1. Quick one: ASP217 ticks every box in (1) touching a Ser or Thr at 6+ places or on another chain (Cβ under 6 Å); (2) not in a loop (DSSP other than H, G, I, E, B) except a single one, so which number is it?
2. State all residues of the range 19-41 that are more than 6 Å from the ligand (Cβ to nearest atom), over 17 Å from ALA369 (Cβ atoms) and surrounded by 22 or more Cβ atoms within 10 Å (Cβ to Cβ); if no residue qualifies, say none.
3. Tell me, please, whether a residue that is closer than 23 Å to MET395 by Cβ and modelled with pLDDT of 95 or more can be found in the range 276-285.
4. Out of TYR48, TYR86, TYR93, I need the residue that is assigned by TED's automatic domain parsing to the domain that holds CYS272 and under 22 Å from the mean Cα position of the chain (by Cα). Which one?
5. Given the criteria out of contact with any Ser or Thr (no Cβ under 7 Å at 6 or more places or on another chain), more than 15 Å from the ligand (Cβ to nearest atom), part of a loop (DSSP other than H, G, I, E, B) and more than 30 Å from GLN78 (Cα to Cα), does GLU293 qualify?
6. Of the residues in the range 334-362, how many are touching a strand residue (DSSP E or B) at 6+ places or on another chain (Cβ under 8 Å), surrounded by fewer than 19 Cβ atoms within 10 Å (Cβ to Cβ) and not aromatic (Phe, Trp, Tyr)?
7. List pairs: first in the range 119-142 and of a type in the set (A, V, I, L, M, F, W, C), second part of a loop (DSSP other than H, G, I, E, B), Cβ under 8 Å, 6+ apart or cross-chain?
8. Exactly one condition in (1) in a strand (DSSP E or B); (2) within 16 Å of the ligand (Cβ to nearest atom); (3) of a type in the set (Phe, Trp, Tyr) is false for TRP360; which is it?
Amino acid sequence: MKTIIIGGGLTGLAAAYRMLKDGVSDVAILERDSELGGMAASYHIGDYHIEKYYHHIFASDRELIGLIADLGLGGDLQWLKGTTGYHIDGKIYPMNTPLELLRSPLSIMDLIRLARVVFTIKGAKDSPALDNITAKEWILDNAGNSLYERFFEPLLRSKFGNSHDKVSAAWLFGRIRIRSNRSASGEKLGYLRGGFYRLIAGLTESITGMGGEIVTDCEVSEVAIENGKVGGVVAEGHGYLESDAVISTVSPHALSRVLPGVSDIPYQGTACALFGMAEPLMEELYWLNIKSEVPFGAVVEHTNFLPATDYGEHLVYVTAYLQNKDDPRWNSSAQELVDSYLSGLEKLFPNFRRSDVGWWRLARDIETAPVYLTGYAGNIPTYSTDVSGLYLAGMFSAANYPERSMNGSILAGFECAGEIIAPID
Ligand SMILES: Cc1cc2nc3c(=O)[nH]c(=O)nc-3n(C[C@H](O)[C@H](O)[C@H](O)COP(=O)(O)OP(=O)(O)OC[C@H]3O[C@@H](n4cnc5c(N)ncnc54)[C@H](O)[C@@H]3O)c2cc1C
């Protein structure tokens with residue numbers, strides 16, 4: 001039995017890995033780009049690799065941590081302090097320890113409300129009703145306006161841009177629950193020393209070592225279906241490739257271009273610049289949510305998470321989420337966008353000098369992740385479809401809800417492969 005997997009991101013790689021490990025021999029991954037990894041792909045700068053989009057993991061990422069161990073990389077998975085702060089009213093406020101929270105612009109009443117919100121959410125049972133109200137409505141009802149405006153709105157904006165007020169309360173609950181590896185000194189986040197590039201490389205080596213085929217620069221333009229059954233795919237430069245099963249890991253929207261009739265799921269885009277700098281930008285903070293008027297929602301200083309000595313320079317991501325193609329951050333040239341980000345940095349950080357920036361890269365894609373709008377849960381596609389032999393798995397799968405992650409994509413790949421190996425009745 002031949003299985004073709006469309007997409008060499010983590011879902012596709014994980015599905016192939018699982019199938020080959022379980023003794024399914026004829027598996028091929030077709031990847032559009034010249035490199036593997038999708039959203040978790042990396043730049044190769046000098047003698048190191050760094051993710052195109054900032055990445056860290058949580059202690060609850062069981063499948064990912066297990067896979068890293070299986071690939072023999074467990075010794076290099078490290079748990080490091082990942083500090084968070086807010087830029088509000090022209091000032092940076094670290095918000096990690098109880099003392100920092102007391103010094104923050106949140107009033108004592110808001111801090112009490114915040115503690116109550118976290119406590120309520122951690123103790124709450126899952127409820128389908130949460131999928132039908134927005135996080136904004138839930139917070140306004142349960143904690144009031146000032147906590148929403150000063151704490152939750154910047155957080156939601158940094159994750160969903162202009163869709164911040166349409167995201168479901170289910171997302172908020174999921175997000176707060178996974179952030180559990182916290183002590184009095186702050187939160188510990190995981191990172192694979194040397195970069196998650198090593199995870200992609202380890203999977204690639206293992207898949208090809210077990211006889212799997214990986215083809216890059218190979219865009220699938222059609223999924224061929226006859227009499228309700230998948231027959232194969234058409235791929236650029238390769239023509240028609242026959243197969244008994246096809247797993248599509250691309251966004252349902254992208255899939256609808258090669259397979260008309262697939263239900264759509266709202267996705268957002270990302271415009272993420274990475275700056276290589278001679279000097280650090282912030283003193284200690286890893287992640288800064290921004291409430292001020294600049295064209296980005298967060299600044300992520302990777303080298304305040306990993307030591308700058310690993311790279312020989314300082315690495316800073318500046319990032320925004322895009323909701324549609326009319327957004328000037330999508331339409332402008334790369335240079336224009338980066339200039340606007342640099343102007344924003346000058347506005348926020350008086351000590352920042354453009355001359356400190358040695359180089360930049362821009363990762364920009366209009367479909368990088370689902371947006372968890374209200375009602376999302378009811379539209380999540382199952383792995384098996386009405387078409388015999390056609391499976392869908394990826395960032396849009398239940399495994400990635402309500403928080404998309406590398407772990408969720410790996411789990412989606414594993415679970416989907418499991419359904420092919422041992423079909424569920
Ligand atoms: C800005 C950002 C930050 C993130 N931060 C984190 C984080 O801190 N921690 C974390 O755990 N996760 C994070 N994630 C999520 C994580 O990166 C993703 O969940 C995961 O990498 C998605 O893998 P995937 O295989 O499901 O999808 P993708 O990575 O999108 O893979 C799909 C693949 O399909 C290919 N493709 C598309 N169309 C075709 C076609 N027609 N033919 C062939 N190939 C095709 C694409 O090129 C791509 O390689 C982040 C994501 C983003 C966007």
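The values are calculated or read from the model by the stated rules, or taken from the named source; none is laboratory data. All values reported here derive from a predicted model rather than from experimental measurement. As a convention, Cβ positions derive from the backbone with ideal geometry for all residues, glycine included, and neighbour counts pool all protein chains shown.
1. (2)
2. Correct list: MET19, VAL27, ILE29, LEU36.
3. Checked against the condition, which is being closer than 23 Å to MET395 by Cβ and modelled with pLDDT of 95 or more, the range 276-285 yields no hits at all.
4. TYR86
5. Considered against the rule, which asks whether it is out of contact with any Ser or Thr (no Cβ under 7 Å at 6 or more places or on another chain), more than 15 Å from the ligand (Cβ to nearest atom), part of a loop (DSSP other than H, G, I, E, B) and more than 30 Å from GLN78 (Cα to Cα), GLU293 comes out as yes.
6. 6
7. ILE133/THR374
8. (2)
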